[in-house]
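Trainee: Pasting a structure here, questions to come.
None of the figures in this text is laboratory data; all of them are computed from the coordinates on show. All values reported here derive from a predicted model rather than from experimental measurement. FYI the Cβ positions are ideal-geometry reconstructions off the backbone, even for glycines, and counts take in every protein chain you see.
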Amino acid sequence: MENLRPGGPNILITGTPGTGKSTLGQELAQRSGLRYVNVGDLAKQEQFYDGYDEQYQCPVLDEDQVLDELEDQMSSGGNIVDYHGCDFFPERWFDIVFVMRTDNTILYNRLEHRGYSGKKLEDNVSCEIFQTILEEARGAYKLEIVHELPSNTPEDMEENLDRIILWIEQWKASH
Ligand SMILES: Nc1ncnc2c1ncn2[C@@H]1O[C@H](COP(=O)(O)OP(=O)(O)O)[C@@H](O)[C@H]1O
């Protein structure tokens, strides 16, 4: 296959908040040399917001501004994108999509520790129980590129890192 991404593959790491996307994404970037892109942080830094969600007490992401900002670097390749949503990105951006999965009680404890409470805590745990992000990913990308990753323990993290590093090496060898 012709290599359309000189910088390497583009990897999407998605999942419910608290499932370990940024921990995995940052470590993966260090080990692989690919660039880590945290969409939430980018939006905050650049103020890519469009209004305010009173119910969830958080700003609303301006998706178009995010897409415009990232288009060039996504075309070059070599990005690890971290976001708790996935269906507003162009399908063509990603070579592989990982959906992090965490058991309910573990996720509950992580989010409580993060300071979430009440509706925000319950809604995020429900999001995981109903596998909302997994369904979103399956609806937005080819099924064969969408993979669930268990993310409960440090051992899971190590296994996930090894698996993705191997996949990156194979991708590079075949492109
Ligand atoms: N596989 C794992 N095993 C144990 N703890 C983890 C694992 N992945 C993440 N964590 C912990 O869970 C919390 C949330 O992780 P984080 O990477 O911030 O999630 P996200 O980016 O998906 O919101 C952090 O305290 C992190 O250290």
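Trainee: Quick check for the chain: number of Lys pairs with alpha-carbon distance under 29 Å, counting only pairs 8 or more apart or on different chains? Walk me through the numbers on the way to the answer.
Mentor: Numbers: 21/44; 21/119; 21/120; 21/142; 21/172; 44/119; 44/120; 142/172.
Within the chain, the lysine pair count is 8.
Trainee: Loop-only check: which chymotrypsin sites (Phe, Trp or Tyr not before Pro) in the range 109-147 are DSSP coil with at most 16 other Cβ within 10 angstrom? Walk me through the numbers before you get to the answer.
Mentor: Working: sites: 116, 130, 141; in loops: 116, 130, 141.
Passing sites in the range 109-147 are 130.
Trainee: Assuming R0 = 30 Å, can you tell me the calculated FRET efficiency for the pair residue 91 and residue 113, based on Cβ-Cβ distance, to the nearest 0.05?
Mentor: Values: r = 35 Å, r/R0 = 1.16.
It comes to 0.30.
Trainee: Give the relative contact order (percent, whole number) for the range 71-175; include only Cα pairs under 8 Å separated by 6+ residues.
Mentor: Values: 66 pairs, mean separation 38.1, N = 105.
Rounded, it is 36 percent for the range 71-175.
Trainee: Next up: How high is the relative contact order of the range 46-109? Use alpha-carbon pairs under 8 Å, at least six apart in sequence, and give a whole percent. If you can, show how the numbers build up before the last one.
Mentor: Numbers: 25 pairs, mean separation 12.2, N = 64.
Value for the range 46-109: 19 percent.
Trainee: Here's a follow-up. Would you mind working out the magnitude of the charge dipole of the range 6-101 relative to its Cα centre, with +1 at each Lys and Arg C-beta and -1 at each Asp and Glu C-beta, to the nearest 20 Debye? List each step's numbers first, then the result.
Mentor: Details: 6 positive and 17 negative charges, 139 e Å.
Roughly 660 debye for the range 6-101.
Trainee: If each of residue 73 and residue 175 carries a label point 7 Å out from its Cα toward its Cβ, how far apart are those two points in nm?
Mentor: Roughly 1.7 nm, to one decimal.
Trainee: When all C-alpha to C-alpha distances in the chain are sorted into bins of 5 Å, what percent of pairs does each bin hold, rounded to whole numbers?
Mentor: 1, 8, 17, 20, 22, 16, 10, 4, 1, 0, 0
Trainee: How large is ³J(HN,Hα), in whole Hz, for each residue of the range 82-98 in order, when computed from phi with the Karplus curve 6.51 cos²θ - 1.76 cosθ + 1.60 and θ = phi - 60°, using x for Gly and Pro?
Mentor: Result, ordered by residue: 10, 7, 8, x, 8, 8, 9, 7, x, 4, 5, 5, 10, 8, 7, 10, 10 Hz.
Trainee: Which one, 96, 113, 127, is farthest towards the positive end of the dipole of the range 82-129 when Lys and Arg carry +1 and Asp and Glu -1 on their Cβ?
Mentor: 113
Trainee: Would you please give the FRET efficiency between residue 23 and residue 126, computed as 1/(1 + (r/R0)^6) with r the Cβ-Cβ distance and R0 = 30 Å, to the nearest 0.05? Could you put the intermediate results ahead of the total?
Mentor: On the way: r = 22 Å, r/R0 = 0.74.
Taking R0 as 30 Å, the efficiency between residue 23 and residue 126 is 0.85.
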